[in-house]
1. With +1 on the Cβ of every Lys and Arg and -1 on the Cβ of every Asp and Glu, and nothing else charged, how large is the dipole of segment 296-452 about its Cα centre, in debye rounded to the nearest 20?
2. Relative to the longest principal Cα axis of the chain, at what angle does helix 52-61 sit, 0 to 90 degrees, rounded to 10?
3. With the other protein chains left in place, how much accessible area per residue, in square angstrom, belongs to segment 2-243 at a 1.4 angstrom probe?
4. Just check the chain against the gyration tensor rule for me: Cα atoms, a ≥ b ≥ c as the square roots of the eigenvalues, rounded for a/c under 1.5, and otherwise prolate or oblate depending on whether a/b exceeds b/c.
5. Kindly report, to the nearest 10 Å², the accessible surface of residue 152 as traced by a 1.4 Å probe over protein heavy atoms only.
6. Helix 122-134 versus the longest principal axis of the chain: what is the Cα-based angle in degrees, 0 to 90, to the nearest 10?
7. Going by a ≥ b ≥ c, the root eigenvalues of the Cα gyration tensor, does segment 251-590 fall in the rounded group (a/c under 1.5), the prolate group (a/b larger than b/c) or the oblate group?
8. Hey, if you put +1 on the Cβ of every Lys and Arg and -1 on every Asp and Glu Cβ in the chain, which of 283, 239, 457 ends up farthest toward the positive end of that dipole?
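The values are calculated or read from the model by the stated rules, or taken from the named source; none is laboratory data. Since the model is a prediction, treat every value here as computed from it, not as a measurement. With ideal geometry, Cβ positions are generated from the backbone for all residues, glycine too; neighbour counts draw on all protein chains shown. In case anyone asks, the SASA skips ligands and DNA or RNA and just uses the protein heavy atoms, side chains included. Shrake-Rupley method; radii C 1.70, N 1.55, O 1.52, S 1.80 Å.
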Amino acid sequence: MCGIVGYVGDKNAQDFLVSGLKRLEYRGYDSAGVATFDESGKATLVKTKGKIADLESKLARERREDKAGIGHTRWATHGEPSEVNAHPHQVGDIYLVHNGIIENYKELKDQLKGYEFKSETDSEVLAALIDSFYKNGEYPLTNAVVQALKLVKGTYGIAVMSDKNPDEIVVARAGSPLVIGVGHGETLIASDASALLGHTKQAIYLNDGEIATVSKNSVEIKTLNAEPVSAKVEEIETNLAAIQKDGYEHFLLKEIMEQPESLKETLRGRVNTRDWMVHLGGPGLTEGELRKVKHLVIVGCGTAYHAGLLAAYYIEQFTPEITVEVVIASEYRYRQAYIPRDSVALIVSQSGETADTLACLREIKKQGVPTIGIVNAIGSTIAREVDGGTYVHVGPEISVASTKAFTSQAVAMVMFGLTIAQAKGVRSGILRPYISEIAKLPEEIKRVLDEFNEPMQEMAQKYKDYDHAIYLGRDTAYPTAMEGALKLKEISYIDANAYAFGELKHGPLALVDDRFFEFALLPEGELYDKAVSNVQEVLARGGHVIAVTNKKEFDLPVEDVVKITTSIELMAPILMNLIAQLFAYYIAVGKGYDVDQPRNLAKSVTVE
Ligand code: M6R
């Protein structure tokens, strides 16, 4: 969602702020701005609706040699995307950029007498509140920010500057990430460590409830209650190459094609084909604790939720004594759900910052249930707050549409299920086919991507002008269908929904007509014949069916078939999902859309 950058040092601040904001573009935004300060405190504030490129053109006319400043990309919550609603907000001496939502901003606004507000945002109210405590520089900026934050309800990551002291930036967080980059003679601020790459690899991740006062050579951190915090400097693990397109036209295609390698990283050192065992160190549960687990709660949003649903089918197949409940974080956080004893919660998030998922994690922890993160972003809030975890290690996922994370999240959760099954003494004859297929998946994924990249491009041309699509599957192919439909709708804006095949006759069959195509996932297996009968029902009503199958003898008179030849059986839906990813990608490209940054969406949903 919104992005924050800040700089204080000896170099040109505008240069870092713009390059940093470009790195954060992928998170989704609709307006942007920067404020820089010269040594005397004279501020230059430049904002624009639209893209960073527009901001750059404006800045070219306002080029400054200022050595300190803050910048922001805004994803509108309160007030439309516009220049006046863009950050930084300036009130009196205060300049502020803010991620998150100030829930009690109306109340605060009513109490702030004598201020005239220019924007419709909650953030401008926070800037005014800080200014009211700052009193033209009578009090230190950090104290003024602390006083203001004590009155705030909601979430924030903020960077604040004053034209009275342009050598200092004050940053604070509650629910929205902030990283401080420690350089040589410079200090950098970002809401995502990727903005710091190329400048420094040394970072301090601020925790909720902390406030830092930074200048070019110092970082001083305290809690809002004035307790000093000793800063832990960590190495940023991502490298620059991982956040570049590497010759691909879009990050989305790069990330789809990266899956053989990214899944290998997920499996590295964890799957052993000599003893046919899975070894996961991260969750930190003893053999005895694993043996006692009777219930799993899997929490996530969007693609992470679908990965959880898929994993649940597998875990239930090989560990009959366990029940698995997969929940949507935004719903679960407000349910009065009782979690039974002997449960473990899996908290699934690529970014590790999703507000609803994080809120569930905190609620679940209050019930004393062990929490295990299935997270990609290293050092993210969820990764730091869970009791144990398994990083999926897929590297940065830049495109808003999640692809490589899905594959690895699903497999990582299946591996966690396998560790429970091993501890419970489930026969190795039952577990071995899963472990063997997981080990083979990277190679099989590569073969499928190589074989079907071009054919899916062609097929997408034929279907790109449909307005509606139905994705269908049963059993493990059902969550895969849900994920396929989500991919199509979010990047091609085609209205796509997923149904379990068995549900067709309970309503959705009424939809079948020439405005729709049906994307049918038909993995070979126990339920294959039943799914085929359902396809026949669709065909009998004139449906336009694309069938994706690994069945050798497939002779249904569908409009198109994608026949995958593979030795993978149980995990075939994971391969079928690759077809859905390529199909959605090429449809969006064919329609000429911004595939990496689809309209209205943000990569990391840090507000509720
Ligand atoms: O970072 P997270 O995994 O917590 O994100 C969850 C969802 O916001 C995310 O998967 C979203 O649904 C993707 N845009 C789907 O492609």
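1. My answer is approximately 320 debye.
2. For 52-61 against the chain, the angle is about 30 degrees.
3. 39
4. In terms of gyration-tensor shape, prolate.
5. 20
6. That works out to roughly 30 degrees.
7. Details: a/c = 1.64, a/b = 1.54, b/c = 1.06.
The shape class here is prolate.
8. In the chain, that residue is 283.
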